[in-house]
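Engineer: Would you mind keeping the following structure in view while I ask a few things?
The values are calculated or read from the model by the stated rules, or taken from the named source; none is laboratory data. Just so we're clear, the structure is a prediction, and the values are computed from it rather than from any experiment. Reconstructed Cβ throughout: ideal geometry from the backbone, glycine too, with neighbour counts over all protein chains shown.
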Amino acid sequence: MAQQAETALSAGEIMSRVAANQDKAEAERSHYVYVQHARVASRKGKAVRCEETTDSRITPSAKGYEAQLLKLDGRMLVKGKYVTYTTLPEPKDKSKADEKGDEKKDDESLSVEINDGTMDRDMVENMRSGLIHDKSKDGLDARLFPLTTKNQTDYWFRLVGRERMNGHDVFHIEFHPKDKNDFGWKGDAYIDTASFQPVLVSTAMARKIPFAVRTLLGTNVPGLGFSVVYAPQPDGVWFPTSFGTEFKMRILFFLTREISIDAHNVDFEKTHVRSRIVEADGAAPER
């Protein structure tokens, strides 16, 4: 009977429960620290132009989270040979960077100099900071998936059926923007039937960049889309555990690149606070 009742739920009712759980999980995830292992690469044809593998410790903060770079292994193709490096580049305007401190502003993470020899490295690092490192507590860009209450208002959902995925019974939900002219995401969400949490979400661009825009700007991103896998922690808090994408970029008519991103969140550790009640005759045991 319980299974029949769940099956009778509409796609909208299912996703409303998902949204409520995602809103709650946003606060619960702030009590975790974890390591994000990421590999980002830029290729032209079969040649890897630049590739970086990083490990970052993600720590919750008041604004979202802080990412501490633990390890970086990079290589960049320069004049037919690979140059390796293990640190991030110095800011190009060091005086401004010193004034602002370590905090990176949103407008700083989107600059790529086409004529610079380090263009592919800039592109790789911008993709990592722009698509993975965001102000959410997931270690992923909060704008990528329409799961929260705020984002769901702009989408239509359709229940495809029930399936089995990653050891979970799931609802298969299709979604797309309500506005046909919206350059948002369309795709599939697989929702655990017991917890109403996402198990897998995959997306693609809801519509192509208009031909007139591609012609005017010389820019196109065919095949842009993402895939995220979620899994529960021992206390029942669900977290994104992996994120992947691979797509082509065509910029200013002559520049073509294939970008791939593969990120995994591992080594989760729940933070806690200890408090002590101190009385006049001494300290009580820790609680």
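Engineer: Cβ-Cβ under 7 Å, sequence separation 6+ or interchain: first residue in segment 264-276 and under 15 Å from ASP55 (Cβ atoms) and at pLDDT 75 or above, partner among the polar types (S, T, N, Q) and surrounded by 10 or more Cβ atoms within 10 Å (Cβ to Cβ). Which pairs?
Structural biologist: Sorted first by the residue in segment 264-276, then by its partner, the pairs are HIS264/THR241; HIS264/SER242; ASN265/GLN36; ASN265/THR241; PHE268/GLN233.
Engineer: Specify which of the listed residues (ASP73, ASP55) is farther than 23 Å from VAL228 by Cβ, surrounded by 13 or more Cβ atoms within 10 Å (Cβ to Cβ) and not aliphatic (A, V, I, L, M).
Structural biologist: ASP73
Engineer: Can I ask one more? Restricting the search to segment 166-178, which residues are within 13 Å of ALA194 (Cα to Cα) and in contact (Cβ under 8 Å) with a residue 24 or more places away in the chain?
Structural biologist: Within segment 166-178, the subset within 13 Å of ALA194 (Cα to Cα) is 167-171.
The answer is HIS168, ASP169, VAL170, PHE171.
Engineer: Just to verify a result, which residue in segment 221-238, among those that are modelled with pLDDT under 85 and buried (at least 18 other Cβ atoms within 10 Å of the Cβ), is nearest to VAL33 (Cα to Cα)?
Structural biologist: PHE226
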